[in-house]
Ligand code: PEP
């Protein structure tokens, strides 16, 4: 059975004290209310990570991640954070390839392949995001775009390394827009991704890869999305900033 995960992406929101407050509420609610084996992950701004890791100690259902890491080991890259630094404060995950990083920071599949290698080298699990823009979907290019993101971003990994990845399908047109992909649209792409993994690696690898859906997921639509056979959880932006909403999404698996 593959792991079910609901990961929150706080983006550049919540100051230090606000973040600790929301996270404490999430931990308490998860402890009291989540009965299944799903894992909750909060990918916070870097400044929160160390404290969130301390707060999460002893709660094996809640982990902490970063939202980015530099591809180099260390060096003269002013303002950047390395995978080794992230590992050293106890984070477990790193989001890579989020569409906002691709769009606003020019991150390409080639760069993301390097970041993936560095993150894996430091024993962190990438949550690797892929997804098409509205223009690409309207031009019926979405399958090709997703295939190239997989081939150029992560299919250079061997099967053992690939097994450490979490994938997130995030149609760009659904991120932060309030427009969710229908469960049929999301399932169609998740099934396609799993078939591509099976063709590249094996059915066993494909069956054990966690593939999250992201894009305006909320407590109202999560249960229908998570009930799809190839959707193993969510990557949640806006709704992860509110503890009640985020935990209700986690509970969509209960
Ligand atoms: C995201 O940014 O990864 C995301 C899914 O955002 P939202 O849930 O706000 O659409």
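Values quoted throughout were computed directly from the atomic coordinates according to the rules given, and no laboratory measurement underlies them. None of the values given here were measured: they were computed from a predicted structure. Glycine also receives a Cβ, built like all others from the backbone with ideal geometry; neighbour counts cover every protein chain displayed.
Reducing region 207-254 and region 1-72 to their Cα centroids gives an inter-centroid distance of 14 Å.
Taking neighbour counts of Cβ atoms within 10 Å as a proxy for exposure, in what order, fewest first, do 143, 246, 253, 23 appear?
On the way: 143 16, 246 27, 253 20, 23 23.
If I rank by nearby Cβ atoms, fewest first, I get 143, 253, 23, 246.
What's the Cα-based Rg to Rh of region 56-128, Rh via Kirkwood?
On the way: Rg = 12.4 Å, Rh = 12.6 Å.
With Rh from the inverse mean 1/r over Cα pairs, Rg/Rh is 0.98.
The distance from the alpha carbon centre of region 121-149 to that of region 166-191 is 11 Å, rounded to a whole number.
Over all directions, the average projected area of the alpha-carbon convex hull for region 39-178 comes to how many nm²? Walk me through the numbers on the way to the answer.
Details: hull surface 37.0 nm².
That works out to 9.3 nm², a quarter of the Cα hull's surface.
Taking the DSSP bridge list for region 1-117 and keeping only pairs wholly inside it, about 0 percent are antiparallel.
Between Rg and the Kirkwood Rh of the chain, both from Cα atoms, what is the Rg to Rh ratio?
Working: Rg = 16.9 Å, Rh = 18.0 Å.
Looking at the chain, the ratio lands at 0.93.
An ellipsoid equivalent to region 188-254, defined through the eigenvalues of its Cα gyration tensor, has semi-axes of 26, 10, 10 Å when rounded to whole angstrom and sorted largest first. Contact order for the chain, expressed relative to its length and based on alpha carbon pairs under 8 Å spaced 6+ residues apart, stands at 23 percent. Taking max minus min of the alpha-carbon positions on each principal axis, region 86-155 gives extents of 44, 23, 17 Å, largest first.
Out of all DSSP beta bridges with both ends in the chain, state the antiparallel percent to the nearest 5. Show your work: numbers first, answer last.
Details: 0 of 30 bridges.
Here the antiparallel bridges make up roughly 0 percent for the chain.
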